1. When the helix-only estimate is applied to the chain (DSSP H runs of n ≥ 4, each -39,500 (n - 2.57), divided by the residue count), what is the mean residue ellipticity at 222 nm, nearest 500 deg cm²/dmol?
2. Could you give the angle, 0 to 90 degrees to the nearest 10, between helix 56-73's Cα long axis and the longest principal axis of the Cα atoms of the chain?
3. What's the Cα-based Rg to Rh of the chain, Rh via Kirkwood?
4. Excluding THR23 itself, what net charge comes from residues whose Cβ is under 13 Å from its Cβ, given Lys and Arg +1 and Asp and Glu -1?
5. Between HIS52 and HIS127, what FRET efficiency follows from the Cβ-Cβ distance if R0 is 25 Å, with the result rounded to 0.05?
6. When the dipole is taken about the Cα centre of the chain, and only Lys, Arg (+1) and Asp, Glu (-1) are charged at their Cβ, what size is it in debye, to the nearest 20?
7. Could you tell me which of ASN136, ASN84, CYS5 has its Cα farthest along the dipole of the chain towards the positive end, charges placed at Cβ (Lys, Arg +1; Asp, Glu -1), taken about the Cα centre?
8. Give me the one-decimal nm value for the distance between modelled label points at LEU21 and TRP113, 7 Å along each residue's Cα-to-Cβ direction.
Amino acid sequence: MSANCIFCKIVKNEIPAFKLLETPKILAFLDIQPLSRGHALVIPKTHGAKLHDIPDDELSEMLPVAKKLATALGVTDYNILQNNGRIAHQFVDHVHVHMIPKPNETEGLGVKWPMQDTDMDKLKALHEELKSKIEN
Ligand code: 5GP
Ligand code: ZN
């Protein structure tokens, strides 16, 4: 827990939230400034700023809960988003997964997708480098 963290305060019921689902490890609640109806957040109860700060057993519960929320809302189009770092649009430094319904072109998440040209040599070199560094 982090004393100044807004999401830790929600976990501890120190500030209110529209909670949707709670397990010993995680919590889901409605986003206070939704991009669309049903926009919700799933968080680990453990405080950690970024994805790599959170233990696997907590992370592994988060996507199934996002799936439950999407199913309960009956949405067909939606984005699952998890931001890490300011430049990557993270403003609350407690890991959270967004479940953002996409009901139409204007509501929900807007995505900029700045594709680079395919460079097979670069991809091959990166592939080799990463394969040797990834821990199984
Ligand atoms: P980020 O940009 O960090 O990925 O998203 C943080 C999200 O948390 C935003 O969508 C924002 O609306 C939401 N949020 C920030 N403060 C609160 C709060 O006090 N309560 C709730 N329910 N959501 C919050
Ligand atoms: Zn926190």
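Taken together, the values in this text are just the output of simple stated rules run on the coordinates, not laboratory data. Remember, predicted model here, so these are calculated numbers, not experimental data. Every residue, glycine as well, gets a Cβ built from its backbone with ideal geometry; the counts of neighbours run over all protein chains shown.
1. On the way: 3 runs with 38 residues, N = 136.
Only helices count here, giving -9000 deg cm²/dmol.
2. Tilt relative to the chain: about 70 degrees.
3. Details: Rg = 17.1 Å, Rh = 16.7 Å.
Computed over Cα atoms, the ratio is 1.03.
4. Numbers: positive: LYS19, LYS25, LYS45, LYS68; negative: GLU22, ASP57, GLU58, GLU61.
That works out to 0.
5. The calculated FRET efficiency here is 0.70.
6. My answer is approximately 360 debye.
7. CYS5
8. Going by the 7 Å Cα→Cβ label model, 2.7 nm.
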